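Below you'll find the structure, written out as structure tokens, and then a few comments.
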Amino acid sequence: MVLFASLGGGRFVLFSSPRCYFLAEVWVSPCGDAVIPPFSGKVCKSLLIRGNSRLLHVFEGKGLLPKPVRVSPLGCGGGYLWVRGRGGGGGLLTVSGGEEYFFYVGFDESVSHLVFDALNGVDGVEVFNVRWRLLNVKFFKEYIPSENPRVRLNGVGRVVVEFNSPANLFDPFKKTRFKRFMPLAGTVFAYNIGEISRILQRNKYYWELINLANTVLKETPEVWETVEKVFYVYEGKKIPGLVGKVEYTVDREILEENREAKTLIENILTHAQIMGVGSGRANGFGHVTVKTK
């Protein structure tokens with residue numbers, strides 16, 4: 001598949017070689033009560049590493065950027081387990097023996113053999129002073145880019161992105177230690193745009209795609225009521241991130257005039273649902289759900 005991107009009349013080849021991505025939903029249960037870190041993404045990462053020690057380099061290797069694997073925090077019921085940094089304390093996070101918990105693992109074909117081996121080895125491993133049982137694994141795979149990605153914009157007027165764990169949005173225009181907190185589409189999906197386009201450095205082609213996302217997906221006025229800055233506790237520090245949800249209006253006029261732009265945005269949204277958004281995804285940050293209506 002060869003796809004061209006365009007904005008303002010210029011056209012350039014965006015990508016041609018699809019890559020296979022996987023999203024696994026993993027269900028586990030601790031064999032007893034236990035205290036776990038205040039951000040439970042550490043539990044999920046630790047379970048996979050104990051299941052296959054070769055994943056340690058993938059998760060921790062500084063030369064592997066962006067990381068080809070990410071996790072969500074532990075989920076239970078309708079929410080995910082992480083401690084908000086309120087006042088001067090972090091609070092405790094616990095799991096209950098026999099309770100069922102789930103988490104998600106997103107990864108690409110380059111590490112799929114390692115992740116599948118890890119999932120096979122999770123049952124019975126001990127992390128954070130408790131043994132864990134593997135209950136079930138469900139997964140799907142997706143080739144990106146694709147002419148028919150999982151998220152489609154046919155007849156769609158709005159896109160809703162739910163931040164299920166704190167999102168750490170980085171600056172798509174300049175490398176800096178400072179985060180961004182305005183959930184413009186180009187900022188939210190900056191990592192995904194760079195990854196699927198194979199443009200892993202900031203340049204004019206990358207910025208054209210950032211501008212295209214901002215142009216097609218326009219944040220609604222409700223964003224001020226639905227997105228919230230919070231402080232979460234990670235390794236003893238209180239760190240700011242974004243939670244809640246942001247709703248975007250889809251510019252149908254642009255998509256009707258430019259079919260390739262439509263396909264591009266659909267692939268970006270699909271990639272975000274599998275691999276998360278922003279930075280720190282390998283530790284459980286930026287886990288999102290993408291819905292259309």
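A few points about this structure:
- Of all residues assigned to the stretch 257-271, none qualifies as being of a type outside the set (D, E, K, R), modelled with pLDDT of 95 or more and under 20 Å from residue 75 (Cα atoms).
Residues checked against (1) surrounded by fewer than 19 Cβ atoms within 10 Å (Cβ to Cβ); (2) closer than 20 Å to residue 22 by Cβ; (3) not basic (Lys, Arg):
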| residue | (1), (2), (3) |
| --- | --- |
| 48 | no, yes, yes |
| 76 | yes, no, yes |
| 104 | no, yes, yes |
| 110 | yes, yes, yes |
| 113 | yes, yes, yes |
| 126 | yes, no, yes |
| 134 | yes, yes, yes |
| 138 | yes, yes, no |
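- Unmet requirement for residue 62, which otherwise passes all of (1) part of a loop (DSSP other than H, G, I, E, B); (2) without any contact (Cβ under 8 Å) to a residue 24 or more places away in the chain; (3) over 24 Å from residue 277 (Cβ atoms): (3)
- Subset of the stretch 176-218 that is under 20 Å from residue 274 (Cβ atoms), touching a strand residue (DSSP E or B) at 6+ places or on another chain (Cβ under 8 Å) and modelled with pLDDT under 95 - its residue that is surrounded by the most Cβ atoms within 10 Å (Cβ to Cβ): 209
- The listed residues are 159, 122, 83, 111, and the only one of them that is in the same structural domain as residue 230 (by TED's automatic domain parsing), of a type outside the set (Phe, Trp, Tyr) and under 23 Å from the mean Cα position of the chain (by Cα) turns out to be 159.
- Residues that are in contact with a helix residue (DSSP H, G or I) (Cβ under 6 Å, 6 or more places away or on another chain) and within 24 Å of residue 173 (Cα to Cα) within the stretch 213-246 comprise 213, 214, 216, 217, 245, 246, listed in sequence order.
- Set side by side, the residues 166, 149 differ, and just one is in contact with an Asp or Glu (Cβ under 6 Å, 6 or more places away or on another chain) and either assigned by TED's automatic domain parsing to the domain that holds residue 262 or assigned to a loop (DSSP other than H, G, I, E, B) (or both), which is 149.
- Failed item in (1) assigned to a helix (DSSP H, G or I); (2) touching a strand residue (DSSP E or B) at 6+ places or on another chain (Cβ under 6 Å); (3) more than 26 Å from residue 68 (Cβ to Cβ), with residue 253 passing the rest: (2)
- Restricting attention to the stretch 105-146, the residues that are among the aliphatic types (A, V, I, L, M) and not in a strand (DSSP E or B) total 7.
- Checked against (1) closer than 23 Å to residue 276 by Cβ; (2) at pLDDT 95 or above, residue 5 passes all but condition (2).
- Cβ pairs under 8 Å, 6+ apart, first in the stretch 221-244 and free of Cβ contacts under 8 Å to residues at least 24 places away in the same chain, second part of a strand (DSSP E or B): 226/244; 226/245; 226/246; 226/247; 228/242; 228/243; 228/244
The values are calculated or read from the model by the stated rules, or taken from the named source; none is laboratory data. Being a predicted model, the structure only gives us computed values, none of them experimental. Ideal geometry is used to build each Cβ from the backbone, glycine not excepted, and the neighbour counts take in all protein chains shown.
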